[in-house]
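Worksheet: one structure, shown below.
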Amino acid sequence: MTPLQKNILNAVKRRPMTLRELQNNLQVDNSRLRTSVSAMVATGELSMRNGTYAPGFATYVNANAPETIPCTLVKLAARFGFASRDDGEGDIFIPGRALHGAMPQDKINVKLFDHPRVEGSSEGEVVEVTVPNNRFAGTVCLSEDGRLAVEPDGCRDVKFLLAKQGSEGVHLGDKVGFLITHRGNRHSDHRAAVVEKFGSSDYASECAKAILYGRNVRLEFPPEVLEEAHAYDDATIDPTEAAKRLDLRGIPIFTIDSAETKDIDDAISLQKLDDGYELGVHIADVSHYVRPGSALDEEAFERATSIYYADKVIPMLPTQLSNGICSLNEGEDRLAFSCLMRLDENGEIRSYKFVKSVICSRVKGVYKEINALLEPEEGADLTDLQTKYAAVLDQLPTMDELYRKRLVLRKARGGMDIESNEAKLVMDENGRCVDIVKRDRGTSECMIEEFMLLANQCAANAGRTNKVPFVYRVHEAPDAEKMEKLSATLLACGLNAKFKNPIPTQLELAALLDETRDQPIQIPVHTGILRSMQKARYAPQPLGHYGLVLADYAHFTSPIRRYPDLAIHRILSEMLTGASASQLQKDFNEFAQQASEKSSKQEVAAVRIERDVEDLYKAEYMHGHLGEVYTGTVAGITPRGVFVELDNTVEGFVPAAQLCKGEPQVIDGVSMLDPLTGKSWMLGSSMKIQVAAADVALGRIDFEYMVE
């Protein structure tokens, strides 16, 4: 098969194509293309057929491709849906008439249309629901004829009638969990029964419960898991086990976290040497307690991550471990897995070793307090803090010194520091959001992040250089097409974003991030660069980390709340016992693959839940500020309107109809122009708005433009 024939097969892999579409896609001479296609039809590699939307225009498909494509329906609205192909080849648009009642997360078979209405897109019809998903959360509403119905979350204008049984006591606007009890060939024919009642959709806490229900989040631990966990009620470390380990209880080790943290899985120590530093990163030895094949391990694998939202946590491990024997609590002996590193005078790693240890944290450090000690305000009385941190006070200036040197190295290699505008939700005693503040990162937060990064780097290096199965944290280079779009957008914003190559270097992107930091354009530029990147994930291959500019990276430092960390602790523990590479391959090859896939999937789900729930609480807060006027920054522009972000990270939408008297013109995706008045709005520009509406159930906030 010639290279062109291979390219033709790849091109028709996603959907049927005409000769013209193939030529546009492959950019090849027409006569050469026709010759190759004719030869492939003659040999049976391609099939030729006429399409639905363009009779008489032949399309070509892979003759060996299945008639239908296994997919998962991922989005549903009243008049359309999107199906994600199970083979990872992208999404397929499904017109409303072709959905045939399919619901989000249904496993379906889709038949592609020969001629989609939008050239270059994939479009098809649901021909079979192979595995239905009947469990949803939603909001109680009225049908068109006034009967009680329910609208599933995320499925706008899709409504099902509610069965009378089970819907007693349900009111309009309530958040509920429901099951589809009868399916028809259209969504309007489906029927539903309420199985969980959460409360009014005016409250974010009730809407959050509905989200967790609808996404099958495991809130309770099974009895067999709790039974194993109860063995660690009020547990202390085993003296026999401690005697086998490196005893580091004489070293001033301590933790630094937020004040409310209860699951403390990392501690640090630092000593200044004549020729550099000895940094210790000491991590809770969760793998000692959570053994392969145990109910605890199987449950942790399924959850793969803890979920944090508002003032709550859904832990990966029961509290007996997460807040008890595995948490590095102040003044309590704990079993740890330590990474002991030697760094030179410039902060570069010279050597490292991993050891099983026993430690005792001298103090539970708090970010805000450490920051006050490192950068004291003029006239501040630090007596109480100096007393609290007396056992480790001498280490703080050295830690700050090492961090500053590491920061120089990170900048030199092009490590990207993207401002994420994280929000801290302030809750009252009833679980209502009463304030939102931008989460600031001080020196201590950045310092701990850098020290954890060092330990993570060493762990990945140990896995790669010893050629053992491993779970790496990988971040691949961005897609050239996305980078081309990003470059065009940034150039339209007036920035020097002409990259030398299709994929920019990290130094080029880091320079743009620094250039716009603390500028009005910061929000859209930093967000735009972040969205243009690949998503970081877990993989059993050491593919490197583009964003951090590191060949070696893994997650070693949070085994209480992330399964990949627990997985590599288990592998590294076996390495320390002297197991050969071949034995480790035999024991962990399949495990590393499965842990990578499961953890990546669960991480995506958890992040989506955390973001969606945060939107609910932001809407709840802003509902109490309807009619108030703020000045925000234009963070996004679409033909429908603009998104404006406030200083407290809240984002709202201003419809184009409020801004423009004429038909709005969006220019290069960075500005909106009203051709009748000549007024324009650009990414990064300020806009005075009034809070017009806040829908808690949808997590949506609408602003009204205030003419200045």
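The values are calculated or read from the model by the stated rules, or taken from the named source; none is laboratory data. These numbers come from a predicted model, not from an experiment. Heads up, the Cβs are rebuilt from the backbone with ideal geometry, glycines too, and the neighbour counts pull from every protein chain shown.
Assorted remarks:
- Looking across the stretch 528-548, just one residue is touching a His at 6+ places or on another chain (Cβ under 6 Å) and not in a loop (DSSP other than H, G, I, E, B), and that is HIS545.
- Residues of the stretch 688-708 satisfying the condition of being crowded, with 16+ Cβ neighbours inside 10 Å and farther than 26 Å from VAL434 by Cβ: TYR705
- If only residues of the stretch 53-89 that are aromatic (Phe, Trp, Tyr) and in a strand (DSSP E or B) are counted, the one that is modelled with the lowest pLDDT is TYR60.
- Enumeration of residues in the stretch 339-370 that are closer than 26 Å to ALA462 by Cβ and either out of contact with any strand residue (DSSP E or B) (no Cβ under 7 Å at 6 or more places or on another chain) or not in a strand (DSSP E or B) (or both): GLU345, ASN346, GLY347, GLU348, SER361
- Among (1) on the phi > 0 side of the Ramachandran plot; (2) within 24 Å of the chain's Cα centre (by Cα), the one test that ILE523 misses: (1)
- Among residues of the stretch 387-432, those that are in contact with a Lys or Arg (Cβ under 7 Å, 6 or more places away or on another chain) and of a type in the set (A, V, I, L, M), counted: 3
- Residue within the stretch 22-34 that is in a helix (DSSP H, G or I) and in contact with an Asp or Glu (Cβ under 9 Å, 6 or more places away or on another chain) present: yes
- Qualifying residue in the stretch 160-173 (condition: outside any loop (DSSP other than H, G, I, E, B), more than 18 Å from GLU614 (Cα to Cα) and of a type outside the set (A, V, I, L, M)): yes
- Residue match in the stretch 564-578 (condition: of a type outside the set (A, V, I, L, M, F, W, C), surrounded by fewer than 24 Cβ atoms within 10 Å (Cβ to Cβ), part of a strand (DSSP E or B) and in contact with a strand residue (DSSP E or B) (Cβ under 9 Å, 6 or more places away or on another chain)): no
- The residue that is farthest from CYS207 (Cα to Cα), counting only those in the stretch 377-434 that are of a type in the set (Val, Ile, Thr) and assigned to a helix (DSSP H, G or I), is THR398.
- Conditions (1) aliphatic (A, V, I, L, M); (2) closer than 30 Å to CYS360 by Cβ; (3) out of contact with any helix residue (DSSP H, G or I) (no Cβ under 8 Å at 6 or more places or on another chain); number of the one not met by LEU179: (2)
- Tallying residues that are of a type in the set (Gly, Ala, Ser), under 27 Å from GLY124 (Cα atoms) and exposed (fewer than 14 other Cβ atoms within 10 Å of the Cβ) within the stretch 1-41 yields 1.
- Positions within the stretch 469-489 being in contact (Cβ under 8 Å) with a residue 40 or more places away in the chain and among the acidic types (Asp, Glu), in sequence order: GLU476, ASP479
- Within the stretch 298-338, being assigned to a strand (DSSP E or B) and crowded, with 20+ Cβ neighbours inside 10 Å holds for THR305, ILE307, TYR309, ARG334, LEU335, ALA336, PHE337, SER338.
- Residues in the stretch 124-154 that are part of a strand (DSSP E or B), in contact with an Asp or Glu (Cβ under 8 Å, 6 or more places away or on another chain) and not hydroxyl-bearing (Ser, Thr, Tyr): 8 in all.
- Any hit, the stretch 212-227, residues being surrounded by 13 or more Cβ atoms within 10 Å (Cβ to Cβ) and over 31 Å from the mean Cα position of the chain (by Cα): no
Rundown of residues vs (1) part of a loop (DSSP other than H, G, I, E, B); (2) buried (at least 19 other Cβ atoms within 10 Å of the Cβ); (3) at positive phi, yes/no style:
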| position | (1), (2), (3) |
| --- | --- |
| SER444 | no, yes, no |
| ILE448 | no, yes, no |
| PHE451 | no, yes, no |
| ALA455 | no, yes, no |
| LYS467 | yes, no, yes |
| PHE470 | yes, yes, no |
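- Failed item, numbered, when ILE560 is tested on (1) β-branched (Val, Ile, Thr); (2) surrounded by 22 or more Cβ atoms within 10 Å (Cβ to Cβ); (3) within 25 Å of the chain's Cα centre (by Cα); (4) more than 22 Å from PRO315 (Cβ to Cβ): (4)
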